[in-house]
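Here's the structure, in structure tokens; my notes come after.
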Amino acid sequence: MKPMEWLLGSAGGAGKQAVSGAGDGVDGGTRAAAGVAALGLAAAGALHAVWSVSPWPLATRAEFAAVVVGVEEGRLPSAPATLAVAGLLGAGAWLVATAARPAHPLAPSRLVRTGLWTVSGVLTVRGLGGLVVSGLGLGEAPAAFQRWDLALYSPLCVTLGGLAGYLAVRTRPGRTRTRRI
């Protein structure tokens, strides 16, 4: 079984696409969006788990604090707080993967729907806020953090938030699709 099939379930055969209700399946674009979002959220969660015990990929905690978090070393979040973020990112990855599997009993549930919108909102606000604050130099974060925030952190948050919102719309229960000919 291919990794994406395991993650999101079978698409029902090569070239097949569900056309009517959400219970019939999701299209290939929606599955691809879910795969990218789930893997991105899971990877970010794994990084946060590593960061709860290590400054990797940087050499020191002081450098890590300045470049990755944008604070002084003494203001780094605690290991439990960092692990909580890792857990929330993992839960977000699960929500995204579950929503893209219409056969999963929780896919149409209020828990998954609300979770997708929450993931979308939190990440989009974080990303847009980071672009504004770092882009206009409104915060007191070190220049290295602002560069990375503009180049990677904020755009990644906006992208993952947008993908989660896209999935929330594309996989909502009772949604019908029509095939364009």
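The values are calculated or read from the model by the stated rules, or taken from the named source; none is laboratory data. Computed from a prediction, not measured in an experiment: that's the story for all the values here. In this analysis, Cβ positions are derived from the backbone assuming ideal geometry, glycine residues included, and neighbour counts consider all displayed protein chains. Ligands, DNA and RNA are excluded from the accessible area calculation, which covers all protein heavy atoms including side chains. Shrake-Rupley method; radii C 1.70, N 1.55, O 1.52, S 1.80 Å.
For segment 18-144, rounded, prolate or oblate, judged on the Cα gyration tensor with a ≥ b ≥ c (square roots of eigenvalues), a/c < 1.5 rounded, else prolate if a/b > b/c? It comes out prolate by the Cα gyration axes. Between Ala81 and Val53, full extension at 0.36 nm per residue minus the direct alpha carbon distance yields a gain of 8.9 nm. On full extension, the segment bounded by Ala46 and Thr118 gains 23.9 nm, given 0.36 nm per residue less the C-alpha separation.
Note on segment 59-129: dipole from Cβ charges, positive end direction compared against Ala84, Leu95, Ala107; the farthest Cα belongs to Ala107.
Placing a pseudo-label 7 Å from each Cα along the Cα-to-Cβ vector at Ala32 and Val169 gives an inter-label distance of 1.7 nm. The heavy atoms of His104 present about 60 square angstrom of accessible area, all protein chains included, probe 1.4 Å. Label sites at Leu106 and Val125, each approximated as a point 7 angstrom past Cα along Cα to Cβ, lie 2.3 nm apart.
Taking all protein chains together and rolling a 1.4 Å probe, Tyr166 ends up with roughly 90 Å² accessible. Leu88 contributes about 130 Å² of solvent-accessible surface, heavy atoms of the protein only, 1.4 Å probe.
Once you sort the root eigenvalues of the Cα gyration tensor of segment 47-115 as a ≥ b ≥ c, which label holds: rounded (a/c under 1.5), prolate (a/b larger than b/c) or oblate (the other case)? Prolate shape, in that a/c is at least 1.5 and a/b is the bigger ratio. For trypsin sites (Lys or Arg not before Pro), no site in segment 45-116 is both called loop by DSSP and has at most 10 other Cβ atoms within 10 Å.
Going by accessible surface with a 1.4 Å probe and the largest first, Leu156, Leu123, Leu136 read Leu136, Leu156, Leu123. Residues Glu63, Glu140, Glu72 ordered from highest to lowest accessible area at a 1.4 Å probe: Glu140, Glu72, Glu63.
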